[in-house]
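Data first, discussion second: the structure below is written as structure tokens.
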């Protein structure tokens, strides 16, 4: 069975001010309490169960780059869940059906400028 993992982006007020960080949990961790503190959850990103060309886990909200060549331009696209087709996608493609090597180069929380 495929492991369901989530990436949470958390924001907490400390003595030094607000700080944000990522924390990774499996569904089992969450059912058992997972140790989420008083921090406010500001995003939940589902693990796609796929890895990029470097073996890095791909999560919803990640920004992917598909290197181009003479026939295809380099593309920078965000990973999202498409309810209409029932799959994670980047651009118009189901992420599992992209034939070219893709690489996680950031995420929509820390690297919004990559999508402009």
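The values are calculated or read from the model by the stated rules, or taken from the named source; none is laboratory data. Since this is a predicted model, take the numbers as computed values, not measurements. Using ideal geometry, Cβ is built from the backbone for each residue, glycine included, and neighbour counts are taken over all protein chains shown.
Which residue out of 76, 48 is in a strand (DSSP E or B), more than 24 Å from residue 8 (Cβ to Cβ), touching a strand residue (DSSP E or B) at 6+ places or on another chain (Cβ under 6 Å) and free of Cβ contacts under 8 Å to residues at least 60 places away in the same chain?
76
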* Quick one: would you say residue 103 is modelled with pLDDT of 90 or more and at negative phi? -> yes
* Do you know which of the residues in the stretch 79-92 that are touching a strand residue (DSSP E or B) at 6+ places or on another chain (Cβ under 7 Å) and within 21 Å of residue 7 (Cα to Cα) is surrounded by the fewest Cβ atoms within 10 Å (Cβ to Cβ)? -> 82
* **Exclusive hit being in contact with a helix residue (DSSP H, G or I) (Cβ under 9 Å, 6 or more places away or on another chain) and either more than 21 Å from residue 4 (Cα to Cα) or at pLDDT 90 or above (or both), set 113, 65** => 65
* Asked: Of the residues that sit in the stretch 93-111 and are in contact (Cβ under 8 Å) with a residue 40 or more places away in the chain and exposed (fewer than 13 other Cβ atoms within 10 Å of the Cβ), which one is nearest to residue 82 (Cα to Cα)?
  -> 96
